[in-house]
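Participant: Sharing a structure here in structure tokens format.
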Amino acid sequence: MHRFRKAHFVIIVVLVMDTFIIGVLAGLLLVAAGKPEARDQRNLITHFDRTDLRRIEEMIARFKEGTGDNLTMLEWGIDSGPFIHDFYNDGKVIHWTVDNTRDVMAAKPGKTEYVCRAIGLAETAESYRVEVSDCEGYAKDENISLISFHKDRL
């Protein structure tokens, strides 16, 4: 009988320790889930998630403050190559180049450069769209949507 109690006690201790370890690990996962992901290259947008949206908001704010910035964005399609967006500004003029030459499904492969004097973030029910305006070769009030962040991915 004494041997049975000792084995029973050991089993209870092991179960309590396992429960404690699982609780600690679950807590660590919850803490990590609430923190934004740290990225090695802040100027490279690839995930189009909340972290990347914050970086875009920072870029827009810097432009409005008259501070320069630069970003590269890789926008992947479902069944083809990426659209590569190169963005830079000097705080006054935006240069945004869209290169879709690596997308074999592109209707018109090539590079398009937008030279603009305004940028903003427009919200729709499904997404946030980065829009430039006051662009060379376009009507001054025309908003050109270049990339979007789908809310269900944020």
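Participant: Got a number for the accessible area of Thr72? Probe 1.4 Å, square angstrom, nearest 10.
Facilitator: Approximately 40 Å² of Thr72 is accessible to the 1.4 Å probe.
Participant: Treating only the Cβ atoms of Lys and Arg (+1) and Asp and Glu (-1) as charged, compute the dipole magnitude of the range 108-154 about its Cα centre; round to the nearest 20 debye.
Facilitator: The dipole of the range 108-154 has a size of about 200 debye.
Participant: Ordering Met73, Met105 by how much accessible area each has at a 1.4 Å probe, largest first, what is the list?
Facilitator: Largest accessible area first, the list is Met105, Met73.
Participant: Order His95, His150, most accessible first, counting only protein heavy atoms with a 1.4 angstrom probe.
Facilitator: His150, His95
Participant: With viscosity set to 1.306 mPa s at 10 °C, what whole-number translational diffusion coefficient in µm²/s follows for the range 43-147 from Stokes-Einstein and a Kirkwood radius over Cα pairs?
Facilitator: The estimated diffusion coefficient comes to 112 µm²/s.
Participant: Could you work out the local net charge near Asp86, counting Lys and Arg as +1, Asp and Glu as -1, over the other residues with Cβ closer than 14 Å to its Cβ?
Facilitator: Numbers: positive: Arg102, Lys111; negative: Asp69, Glu75, Asp99, Glu113.
Net of charged neighbours comes to -2.
Participant: Starting from the Cα-Cα distance between Trp76 and Glu136, subtract it from 0.36 nm times their residue separation and give me the gain in nm to one decimal.
Facilitator: The span from Trp76 to Glu136 would gain 18.9 nm if fully extended.
Participant: Another question, then. With every protein chain present, what accessible area does Phe149 have (1.4 Å probe, heavy atoms only), rounded to the nearest 10 Å²?
Facilitator: 0
Participant: Moving on. For Arg50, what accessible area in Å² do you get when you roll a 1.4 Å probe over the heavy atoms of the protein chains, rounding to the nearest 10?
Facilitator: 110
The values are calculated or read from the model by the stated rules, or taken from the named source; none is laboratory data. What you see is a predicted model; the values in this text were computed from it and never measured. Neighbour counts run over all protein chains shown; Cβ positions are idealised from the backbone, glycine included. With ligands, DNA and RNA removed, areas are computed over all heavy atoms of the protein, side chains included. Shrake-Rupley method; radii C 1.70, N 1.55, O 1.52, S 1.80 Å.
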